[in-house]
Amino acid sequence: ILNVEQSPQSLHVQEGDSTNFTCSFPSSNFYALHWYRWETAKSPEALFVMTLNGDEKKKGRISATLNTKEGYSYLYIKGSQPEDSATYLCAFQPLSGTYKYIFGTGTRLKVLA
Amino acid sequence: ETGVTQTPRHLVMGMTNKKSLKCEQHLGHNAMYWYKQSAKKPLELMFVYSLEERVENNSVPSRFSPECPNSSHLFLHLHTLQPEDSALYLCASSQDAGAGQPQHFGDGTRLSIL
């Protein structure tokens, strides 16, 4: 069974704080790791697709790193703003079944003004 | 016009009804997906279509029947559903299937089974 875990489940931070959360996935059988942001009443929005060990990607104040050998990815938000409030999802794509996308339950972030 | 459009947004149906969910993408993508989101559970992949051919069926009960008449349209036909099928159903598309590309999601259909 392929399992994807995200932690923490939820997080409250003050505006201006930096924060990070974790996605853990099977270290073997890796093909790609996806990050999405899902705001309430909207559709999930793709942030990053990461494929290489050591990858680091950045989009504005949000960045992500990837360690495929130990099976984890970190998502960082620098200087959190209220509009960053959302659920952040990661999805693991295995090499043995690249049509499969296995999602974690997400980290719900609330940024307080 | 949004990239992936789902209709209806909300649907309430009895267990003996037959209804269909519709998804349309305007992105020129070759792959389309159906997901189920139940309360407090992760997004669960149901079906994957690549160039109108089903390439993944994730052990979904036969009361859910997908149809992909062309690469822009995807349907989910529903028949004799159970209360536990109440969930948010999301459609997504990507340029190709299985190629490590980001998926573009619709806003979903909130389904309630009475």
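The values are calculated or read from the model by the stated rules, or taken from the named source; none is laboratory data. The structure presented is a predicted model; accordingly, all values stated were derived computationally and were not measured. When we count neighbours, we look across all protein chains shown, and the Cβ atoms used for this are built from the backbone with ideal geometry, even at glycine.
Annotations
- Condition check for A:Thr68: buried (at least 17 other Cβ atoms within 10 Å of the Cβ), among the hydroxyl-bearing types (Ser, Thr, Tyr), in contact (Cβ under 8 Å) with a residue 24 or more places away in the chain and farther than 26 Å from B:Val60 by Cα: yes
- Evaluation of A:Ser10 against the conditions (1) hydroxyl-bearing (Ser, Thr, Tyr); (2) free of Cβ contacts under 8 Å to residues at least 60 places away in the same chain; (3) surrounded by fewer than 20 Cβ atoms within 10 Å (Cβ to Cβ); (4) closer than 30 Å to B:Tyr89 by Cβ shows that the sole unmet condition is (2).
- Scanning the range A:2-13 for residues that are within 14 Å of the chain's Cα centre (by Cα), within 14 Å of chain B (Cβ to nearest Cβ), in a strand (DSSP E or B) and not hydroxyl-bearing (Ser, Thr, Tyr) turns up at least one hit.
- Members of the range B:33-69 found to be in contact with an Asp or Glu (Cβ under 8 Å, 6 or more places away or on another chain) and either within 13 Å of chain A (Cβ to nearest Cβ) or charged (D, E, K, R) (or both), listed by number: B:Tyr35, B:Lys36, B:Gln37, B:Ser38, B:Leu45, B:Phe47, B:Val48, B:Ser50, B:Asn58, B:Arg63
- Qualifying residue in the range A:39-53 (condition: touching a Cys at 6+ places or on another chain (Cβ under 9 Å) and buried (at least 19 other Cβ atoms within 10 Å of the Cβ)): no
- Number of residues in the range B:43-59 that are more than 12 Å from the chain's Cα centre (by Cα), in a loop (DSSP other than H, G, I, E, B) and either touching a residue at least 12 places away in the same chain (Cβ under 8 Å) or surrounded by 20 or more Cβ atoms within 10 Å (Cβ to Cβ) (or both): the value is 3.
- Close pairs from the range A:77-94: first within 13 Å of A:Asp17 (Cβ to Cβ), partner of a type in the set (Asp, Glu), Cβ under 6 Å, at least 6 apart: A:Ile77/A:Asp84; A:Ser80/A:Asp17
- Selection status of B:Tyr49, out of contact with any Pro (no Cβ under 9 Å at 6 or more places or on another chain) and of a type outside the set (Asp, Glu): no
- Selection status of A:Thr87, at pLDDT below 95, within 30 Å of B:Val60 (Cβ to Cβ) and not small (Gly, Ala, Ser): no
- The condition of being basic (Lys, Arg) and either closer than 19 Å to B:Gly98 by Cα or in contact (Cβ under 8 Å) with a residue 24 or more places away in the chain (or both) does not hold for A:Arg61.
- Per-region count, the range B:81-114, residues within 9 Å of another protein chain (Cβ to nearest Cβ), in a loop (DSSP other than H, G, I, E, B) and of a type in the set (A, V, I, L, M): 2
- Looking only at residues of the range A:88-103 that are at the interface with chain B (Cβ under 10 Å from one of its Cβ atoms) and among the polar types (S, T, N, Q), we find that the one that is farthest from A:Ile62 (Cα to Cα) is A:Thr98.
- Within the range A:54-63, considering residues that are more than 14 Å from chain B (Cβ to nearest Cβ) and touching a Leu at 6+ places or on another chain (Cβ under 8 Å), the one surrounded by the fewest Cβ atoms within 10 Å (Cβ to Cβ): A:Gly54
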